[in-house]
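Right, one structure below, let's go through it.
The values are calculated or read from the model by the stated rules, or taken from the named source; none is laboratory data. Predicted model, so just to flag it, every value in this text is computed and none were measured. Every residue, glycine as well, gets a Cβ built from its backbone with ideal geometry; the counts of neighbours run over all protein chains shown. The area values use the complete protein model at the heavy-atom level, side chains included, leaving out ligands, DNA and RNA. Shrake-Rupley method; radii C 1.70, N 1.55, O 1.52, S 1.80 Å.
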Amino acid sequence: MTTAAPQKPVGQRKAWTPGQIVLTLLGTAVSAVFLAPLAWALFTSLKSETEAVEVPPHWLPRDWTGQAWSALLENGNITNWFVNSLVVSVCVTAIVLVVSALAGYGFARTEFRGKGVLLGVVMAGLMVSPAVLGVPLFTTVQQMGMVDTYWGMILPQCAPAAMVYILYKFFQGVPRELEEAAFIDGAGRWRVFLTIVVPLSRPSLAAVGIFTFISSWNNFLWPYMVTNNPDLMTMPNGIATVMNSYGIQWAQLMAGGLMAGLPLIVVFVFFQRQIVAGVAHTGLAGQ
């Protein structure tokens with residue numbers, strides 16, 4: 001004769017294990033480390049310029065004021081900086097998606113003479129810092145007459161060695177049987193790529209697009225080098241000009257940094273699922 005196991009009362013929560021407690025505390029600590037600079041920037045932007053440079057510094061303002069925000073909006077060309085950053089970042093993202101998808105698929109699925117050498121050259125780009133290429137890239141852009149133009153800021157950011165590798169690893173994991181079935185039905189290489197491979201790679205393409213957009217939006221060095229025209233300044237470059245005869249205006253600088261980072265926060269909040277799914281589908285896990 002068997003007896004039924006006692007049932008737990010409805011609504012009773014399972015007690016936390018020591019491992020869950022440790023992970024929760026660790027996650028809270030890591031979150032605090034990442035949120036602390038944002039909180040400091042926010043509180044500093046709500047101080048007066050005099051209070052922002054006091055030593056020793058303190059977290060909360062004594063006199064809460066939005067003077068830094070109003071001064072930045074009045075004196076800075078925020079709308080123009082935002083539009084320039086948006087134009088450059090969107091164009092760079094579109095070009096990188098097209099180039100990296102075509103290159104990654106070509107390396108993953110086609111055989112041609114010198115493929116290994118060419119792939120090695122592309123991967124060597126991962127080991128070169130963009131700052132090292134600043135002078136030769138500027139010389140090239142200057143000789144092409146693209147200084148102080150949108151294209152001068154856009155094109156040098158469109159050499160996506162890392163993005164090519166990400167999509168290359170993903171395309172290697174796509175079953176060849178799907179493409180072979182399409183070939184048997186009479187589809188060509190381009191049709192297979194556009195109608196089968198691209199739809200399957202949406203998570204990876206989304207991740208590549210988001211990473212590229214964030215990187216281009218935050219890029220300070222290259223737009224700073226290639227343009228002196230105030231009308232072409234991007235958000236990072238425009239915010240760096242927040243100075244007067246007394247030096248850097250720290251409260252305004254913090255307000256500008258938060259304003260520049262707001263679009264990236266919105267992108268992450270709305271596309272975090274695509275970011276996680278894209279990384280999971282790129283084949284980078286365990287590499």
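Here are the numbers for the structure shown:
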item	result
Of all residues making up the stretch 170-188, the number that are over 27 Å from the mean Cα position of the chain (by Cα), surrounded by 15 or more Cβ atoms within 10 Å (Cβ to Cβ) and outside any loop (DSSP other than H, G, I, E, B)	2
Residue count for the stretch 70-124, restricted to those that are outside any helix (DSSP H, G or I) and among the polar types (S, T, N, Q)	2
Any chance residue 156 is open to solvent by 30 Å² or more (accessible area, probe 1.4 Å) and touching a helix residue (DSSP H, G or I) at 6+ places or on another chain (Cβ under 7 Å)	yes
Matching residues in the stretch 125-145 - criterion: being in a helix (DSSP H, G or I) and free of Cβ contacts under 8 Å to residues at least 60 places away in the same chain	125, 126, 127, 135, 136, 139, 140, 142, 143
Search result, residues across the stretch 33-69 that are farther than 12 Å from residue 252 by Cα, in a loop (DSSP other than H, G, I, E, B) and open to solvent by less than 40 Å² (accessible area, probe 1.4 Å)	58, 61
Number of the exception - residue 200 against (1) modelled with pLDDT of 90 or more; (2) more than 16 Å from the chain's Cα centre (by Cα)	(1)
Single condition residue 91 does not satisfy, out of (1) modelled with pLDDT of 90 or more; (2) open to solvent by 80 Å² or more (accessible area, probe 1.4 Å)	(2)
Filter result for residue 103 (over 20 Å from the mean Cα position of the chain (by Cα) and crowded, with 18+ Cβ neighbours inside 10 Å)	yes
Top-ranked residue of the stretch 212-235 - restricted to ones that are closer than 14 Å to residue 264 by Cα and touching a residue at least 60 places away in the same chain (Cβ under 8 Å), ranked as surrounded by the most Cβ atoms within 10 Å (Cβ to Cβ)	235
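Conditions (1) among the charged types (D, E, K, R); (2) in contact (Cβ under 8 Å) with a residue 12 or more places away in the chain, marked per residue:
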residue	(1), (2)
123	no, yes
147	no, yes
152	no, yes
163	no, yes
169	yes, yes
186	no, no
201	no, yes
205	no, yes
